[in-house]
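Since the structure comes first, as structure tokens, the remarks are kept for the end.
Values quoted throughout were computed directly from the atomic coordinates according to the rules given, and no laboratory measurement underlies them. Because the structure is predicted, anything quoted here is derived from the model rather than measured. Note that each Cβ is placed from the backbone with ideal geometry, even for glycine, and that neighbours are counted across all protein chains shown.
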Amino acid sequence: MDTDKVSVLITVTGIDKPGVTSALFEVLSAHDVELLNVEQVVIRDRLTLGVLVSGASTVADGDSLHAEVTAVIQRLGLDVTIERSQDVPVIAEPSTHTIVVLGRPITPAAFGAVASEVAALGNIDFIRGVSDYPVTGLELRVSVPQEAGADLQANLARVAARQGIDIAVERYSLERRAKRLIVFDVDSTLVQGEVIEMLADRVGAGAEVAAITEAAMRGELDFADSLRKRVATLAGLPAEVLDDVAEQLQLTPGARTTIRTLRRLGFHCGVVSGGFRRIIEPLAHDLMLDFVAANDLEIVDGVLTGRVMGPIIDRAGKAKALRDFAEQAGVPMEQTVAVGDGANDIDMLTAAGLGVAFNAKPAVREVADASLSHPYLDTVLFILGVTRAEIEVADAVDGVLRRVEIPPD
């Protein structure tokens, strides 16, 4: 009797239909084989099913099993190949890195450039689609030597710049799925535009304040000094204007989806802003955020004095607020995420376990772990490993599923 065990890989391809997998396993159950692994993927109704079995060579690699499997699969209108498998581990070694590629669109040339850079250092182990809206998203798990991780990150950053796509690279580990707290900058991140410029427009100082803001966000001016200069232009403004501006705030596209999804996942969510608490708190309440850190404007007799009260939430203040939030929530810093766009966000982004630059200035992109250039905040979810399908299934259950038509670029 032949007792030599062999492994055999059965691969089924074709148009997917109900009953393919059950029909195959009905045949296999009649033979003395052991199931080692199963993997299946369906793309646009096209099925690829791989089944790895082992058994005595006369059984697993015998004519009877081959003939019966071939007959049942062909009867269903699909193709099948059966071949002896190499003697390799059934479950592959874990990948070393996760790469998320986002684009609108991702061209074949762009993805080819990503694949070439990975191939130069290691291998692609797995690819899946994570989004078709508002951008196309692909997630790769790759394996490269330990010493090649920095090169992978640097090389793919250059690819992203050349190809006009976003690429986020993280080590593949449990920590990637263990993020528990996220904080967002407010101006030009959670909301569109700069709040202080909206206020300055009310006193005719919009252009002056916008120029100071732009220089501060590039890191050319000390943020605290620039804030004092900008706030000074607001002296004499009635306090009720703050409430008017709060009502006019426009969320960045995808912001509600992002916060809603993160809350479903159990994230603690907050905002850290160099803007003003009185304007931000109504928004934070509406979004059911857990934390708010922002500056307080001095008001006397219902009028702004042009001064800020208390410590200023500047670059260092934002990082401190993140640490304070993490301590309050009992979350280790490596399980935190920070999202921002300006130079005053840099310390916060580098302190977080994952720092995300969102439509950011060059100085911010250089220090962030991931950089996003599309104007949709829900792209943050994709680099956290959440798929568009998962988002929309949950939204459909809650009755809030909708897609807004996006005009062509």
Note on region 5-84: alpha-carbon gyration tensor, axes a ≥ b ≥ c; rule is a/c under 1.5 for rounded, else prolate if a/b larger than b/c, else oblate; result prolate
If packing is taken as the mean number of other Cβ atoms within 10 Å per residue, what is the order of 8-15, 107-114, highest first?
8-15, 107-114
Non-local amide H neighbours of residue 271 (under 5 Å, H modeled in plane, Pro and chain starts lacking H): which ones?
184, 291, 292, 293
Taking one equal scatterer on every alpha-carbon of region 198-250, how large is log10 of I(q)/I(0) by Debye at q = 0.17, 0.21, 0.22 1/Å?
-0.55, -0.79, -0.85
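So, with +1 on the Cβ of K and R and -1 on the Cβ of D and E, and no other charges, what is the size of the charge dipole of region 243-376 about its Cα centre, to the nearest 20 debye?
Rounded to the nearest 20 debye, it is 360 debye.
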Just want to confirm a number: the relative contact order over the chain, from Cα pairs under 8 angstrom separated by 6+ residues, in percent.
14
Return one number: the angle in degrees, 0 to 90 and rounded to the nearest 10, between the long axis of the Cα atoms of helix 223-232 and the longest principal axis of the Cα atoms of the chain.
50
Mind sorting out which of (1) 188; (2) 141; (3) 171 is the real volume of the Cα convex hull per residue in Å³ computed from the coordinates?
(3)
Treating the angle as unsigned and between 0 and 90°, give the value, to the nearest 10°, between the Cα long axis of helix 149-163 and the longest Cα principal axis of the chain.
70
Take the Cα coordinates of region 181-377, assign each an equal point scatterer, and use the Debye formula without solvent to give log10 I(q)/I(0) at q = 0.14 Å⁻¹.
-0.75
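Expressed in whole Å with the largest first, what are the equivalent ellipsoid semi-axes of region 341-409 derived from the C-alpha gyration tensor as the square root of 5 times each eigenvalue?
28, 15, 9
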Would you work out the relative contact order for region 97-172, in percent, from Cα pairs under 8 angstrom that are 6 or more residues apart?
47
Alpha-carbon spread of region 1-154, three principal axes, descending order, Å:
57, 36, 19
Can you pull out the trypsin sites (Lys or Arg not before Pro) in region 1-48 whose DSSP state is coil and whose Cβ has at most 12 other Cβ atoms within 10 Å?
44
Rounded to the nearest angstrom and ordered from largest down, what semi-axes does the equivalent ellipsoid of region 97-172 get from its C-alpha gyration tensor (root of 5λ)?
19, 13, 10
Compute, for the chain, the length of the dipole vector about the Cα centre, with Cβ point charges of +1 (Lys, Arg) and -1 (Asp, Glu) only. Units Debye, rounded to 20.
420
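Can you sort 259, 196 by how many other beta carbons sit within 10 Å, fewest first?
Ascending Cβ contact count within 10 Å gives the list 259, 196.
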